[in-house]
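What follows is a set of notes on a single structure, which appears directly below.
Each reported figure results from applying straightforward, stated rules to the coordinates on display, with no laboratory input. Here the structure is a predicted model, which means the values were calculated and not measured. Using ideal geometry, Cβ is built from the backbone for each residue, glycine included, and neighbour counts are taken over all protein chains shown.
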Amino acid sequence: MRFADAFIHTLREDPAEAELVSHKLMLRAGMIQKLASGIYNYLPLGLRVIRKIEAIIRDEMAACGATELLMPAVIPSELWQESGRWSYYGPELLRLRDRKQNEFCIGPTHEEVIVDVARHGVRSYRDLPTTLYQIQSKFRDEVRPRYGLMRAREFIMKDAYSFHANEASLDATYWRMHQAYTRIFHRCGLDFRPVEADSGTIGGDVTHEFHVLADSGEDTIASCDACDYAANIEKAAHRDDGHVADVPDNAPVPEEVATPGKKSIEDVCAFLNARASDAIKLLVYDVNDGEYLVAVCIRGDQEINEAKLRGLLSADSVAIPDDADLAARTGLAVGFLGAHSLDRSCVREVIADWSVRGMTDCIAGANKPDAHVRHIYPARDLRIDRWADVGFVSEGESCPRCENGALRLRRGIEVGQVFKLGRKYAAPMHLSFLNEKGEQELVTMGCYGIGVGRTAAAAIEQHHDADGIIWPVGIAPYTVALLSLDPGNDEVRSVCARLHDELEQRDIDVLLDDREERPGVKFKDADLIGFPVRIVVGGRKVKGGTVEVRQRAGRTVEEVAFDKVADHVVTIVTSPGAI
Ligand code: ATP
Ligand code: MG
């Protein structure tokens, strides 16, 4: 392919709208072009990267026995009503009507459609297990589309779904997929971690996310420095090594103190000359949008982890009601709540985070305006229904799994996720099969997603320098940039033609830059776009029968004889050290 034919239009300046390096570089390198907020054209270079990632995915999906199909993007609402998601998916779902006023949505994910596909195909246990996948554009009307392909509204996803007669079969496929994901992201040249994650509202109870480690990541992940424990911060567990602190014989008794107008932990502690870690914070949560209330206590310097709380309660949602609403509903003195004397008739239970266990002589709200209580000893003074882990882990704390490790917090970009869905969709949508005894049984499912565009963006976050992108070999738009420094010179032209053909014969894709441009322009473009190998043909070297071969990563430069170039490039791109 010639540069001039590839529709490559690079920009010298950083586009103002881009914050993230991957977004800037994809725009500058002419890989993508914005059409509307969160909606992009994939220009030829960008599309080549996408196609390379897709090829790796297809290869690994085939290797683990998954079969490709393609479902429509436009989905009739009836299917979503059957699963129940039509009513609670919220504004991320783009809904539309056809000319007959029938309702549809643009698929943000395809569980409903695949279940419908399976309802027609899966009859008996002999049809199971089976795994299907597609690579297709999704649409999610994200609140804040940003960072280019990283958080787009329309984006390409690989979504796979597996169907099983039982849990053991699901477990086997789940781990096979987990391994396939590991190979995929490895082949994409990424430094990543699979981490335990919260299953959120998609359902199921076992799920792992695959995170590319990068400071710009939106998620925080905790990983042990000694064992392979790693979890999303929403899920990361505390080590359970505490019992509720003993109360000394001479412990002072609770005493009410006036705290006029002091509601926040900071204000109360400053007023009482205490630290936030001496106060017990109590929050009342509304569970499942009005179903019931629970009270949750935590040490004053910590935050409640709502994902853990939701998991603990097996709830669909937990939310802090508005102060006025809560006061009207319960008569509680909102702002001065404390577990010490809480009116328990309005809450289903009082839950305390493990962080409260080690506390002694602490402060809590007095459940009346402008007052708090001090000298609280949880073991003596609080009625806790349930002690639970509903906080966030912090840097350096003990690993919940191994004896000696400490947790480290890092930022990650979620590029993929695998879920055990169980019967979450099979049950409401009646996806069943005839078991060996001839009885109808519900199918058990798994689902497995990869963000293709986000994977490309994450690779740039991890691999770039001041001059541009440094593509890992496996997903580079072209592996080699062949720069002709003197396109008018017959010898240079013929060397270029020869190298171009030899490389292509070895299955190395090459972009020949024989534009009438200054060498500096070609060098800059090659660095910006980030081809793993650059071959420069021109000058005195050609007379001597050699060309310059330079690797983008590490910038190593070698002079190589014409007839050794193809072998040399093959050695570079297949070497174990190549990213
Ligand atoms: P996030 O938490 O980042 O919104 P998600 O957990 O909702 O993502 P999944 O439903 O797990 O996403 O989708 C599977 C994969 O699709 C994700 O791991 C991610 O790589 C990709 N993805 C999800 N949303 C987007 C988006 N808005 N833009 C680009 N890729 C996305
Ligand atoms: Mg996810």
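Take Val117 and decide whether it is out of contact with any Cys (no Cβ under 9 Å at 6 or more places or on another chain), farther than 27 Å from Thr455 by Cα and either crowded, with 20+ Cβ neighbours inside 10 Å or among the hydrophobic types (A, V, I, L, M, F, W, C) (or both).
yes
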Residue within segment 231-239 that is farther than 30 Å from Arg383 by Cβ, surrounded by fewer than 20 Cβ atoms within 10 Å (Cβ to Cβ) and in contact with an Asp or Glu (Cβ under 6 Å, 6 or more places away or on another chain) present:
no
Identify the residue in segment 381-400 that is of a type outside the set (Val, Ile, Thr), out of contact with any Leu (no Cβ under 7 Å at 6 or more places or on another chain) and surrounded by 15 or more Cβ atoms within 10 Å (Cβ to Cβ) and, among all such residues, is farthest from Gly261 (Cα to Cα).
Pro400
Go through segment 17-55 and count every residue that is under 23 Å from Asp141 (Cα atoms), among the small types (Gly, Ala, Ser) and in a loop (DSSP other than H, G, I, E, B).
3
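Results for (1) free of Cβ contacts under 8 Å to residues at least 60 places away in the same chain; (2) in contact with a strand residue (DSSP E or B) (Cβ under 6 Å, 6 or more places away or on another chain), shown as yes or no for each residue.
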| residue | (1), (2) |
| --- | --- |
| Arg493 | yes, no |
| Glu502 | no, no |
| Arg515 | no, no |
| Arg518 | yes, no |
| Ile535 | yes, yes |
| Thr546 | yes, yes |
| Glu558 | yes, yes |
| Phe562 | no, no |
| Ser575 | yes, no |
Considering only segment 5-39, state which residues are loosely packed, with under 15 Cβ neighbours inside 10 Å and touching a strand residue (DSSP E or B) at 6+ places or on another chain (Cβ under 8 Å).
Glu17, Glu19, Gln33, Leu35, Ile39
Extreme residue, farthest from ligand 1 (Cβ to nearest atom), among residues of segment 432-453 that are in a strand (DSSP E or B) and of a type in the set (Val, Ile, Thr):
Thr444
Residues of segment 446-471 classified as among the hydrophobic types (A, V, I, L, M, F, W, C) and free of Cβ contacts under 8 Å to residues at least 12 places away in the same chain, total
1
Would you check which residues across segment 149-165 are near ligand 1 (Cβ under 9 Å from one of its atoms) and not in a loop (DSSP other than H, G, I, E, B) and list them?
Leu149, Met150, Arg151, Glu154, Phe155, Ile156, Met157, Lys158, Asp159
Say whether the condition of being within 16 Å of ligand 2 (Cβ to nearest atom), free of Cβ contacts under 8 Å to residues at least 40 places away in the same chain and of a type in the set (Lys, Arg) is met by at least one residue in segment 129-144.
no
State all residues of segment 398-431 that are within 16 Å of ligand 1 (Cβ to nearest atom) and among the acidic types (Asp, Glu); if no residue qualifies, say none.
Glu414
Residues satisfying the stated conditions in segment 397-413, i.e. part of a loop (DSSP other than H, G, I, E, B) and either under 14 Å from Arg193 (Cβ atoms) or hydrophobic (A, V, I, L, M, F, W, C) (or both):
Cys399, Cys402
Of the conditions (1) assigned to a strand (DSSP E or B); (2) without any contact (Cβ under 8 Å) to a residue 60 or more places away in the chain, His9 satisfies every one except a single condition; which number is it?
(1)
Restrict the check to segment 421-429 and report whether at least one residue is free of Cβ contacts under 8 Å to residues at least 60 places away in the same chain, out of contact with any strand residue (DSSP E or B) (no Cβ under 7 Å at 6 or more places or on another chain) and more than 16 Å from ligand 2 (Cβ to nearest atom).
no
Could you tell me which numbered condition Val418 fails, if it satisfies all but one of (1) within 16 Å of ligand 2 (Cβ to nearest atom); (2) over 21 Å from the mean Cα position of the chain (by Cα); (3) aliphatic (A, V, I, L, M)?
(2)
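Yes/no per residue for (1) out of contact with any helix residue (DSSP H, G or I) (no Cβ under 8 Å at 6 or more places or on another chain); (2) surrounded by fewer than 23 Cβ atoms within 10 Å (Cβ to Cβ):
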{"site": "Ile470", "(1), (2)": "yes, no"}
{"site": "Leu483", "(1), (2)": "no, no"}
{"site": "Gly488", "(1), (2)": "yes, yes"}
{"site": "Ser494", "(1), (2)": "yes, yes"}
{"site": "Leu511", "(1), (2)": "no, no"}
{"site": "Arg515", "(1), (2)": "no, yes"}
{"site": "Gly520", "(1), (2)": "yes, yes"}
{"site": "Gly538", "(1), (2)": "no, yes"}
{"site": "Gly544", "(1), (2)": "yes, yes"}
Single residue of Gly474, Gly438 found to be in contact (Cβ under 8 Å) with a residue 12 or more places away in the chain, farther than 24 Å from Tyr174 by Cα, more than 16 Å from ligand 2 (Cβ to nearest atom) and surrounded by fewer than 22 Cβ atoms within 10 Å (Cβ to Cβ)
Gly474
Matching strands (runs of 3 or more DSSP E) fully within segment 166-283 where at least 3 residues are within 16 Å of ligand 2 (Cβ to nearest atom) and within 20 Å of Gly311 (Cβ to Cβ):
192-196, 206-213, 219-224, 230-232
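Just one of Lys420, Lys424 is under 30 Å from Lys138 (Cβ atoms), touching a Phe, Trp or Tyr at 6+ places or on another chain (Cβ under 8 Å) and not hydrophobic (A, V, I, L, M, F, W, C); which is it?
Lys420 is the lone residue from the list that is under 30 Å from Lys138 (Cβ atoms), touching a Phe, Trp or Tyr at 6+ places or on another chain (Cβ under 8 Å) and not hydrophobic (A, V, I, L, M, F, W, C).
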Are any of the residues in segment 79-90 over 17 Å from Ser137 (Cα atoms), surrounded by fewer than 20 Cβ atoms within 10 Å (Cβ to Cβ), acidic (Asp, Glu) and out of contact with any helix residue (DSSP H, G or I) (no Cβ under 9 Å at 6 or more places or on another chain)?
no
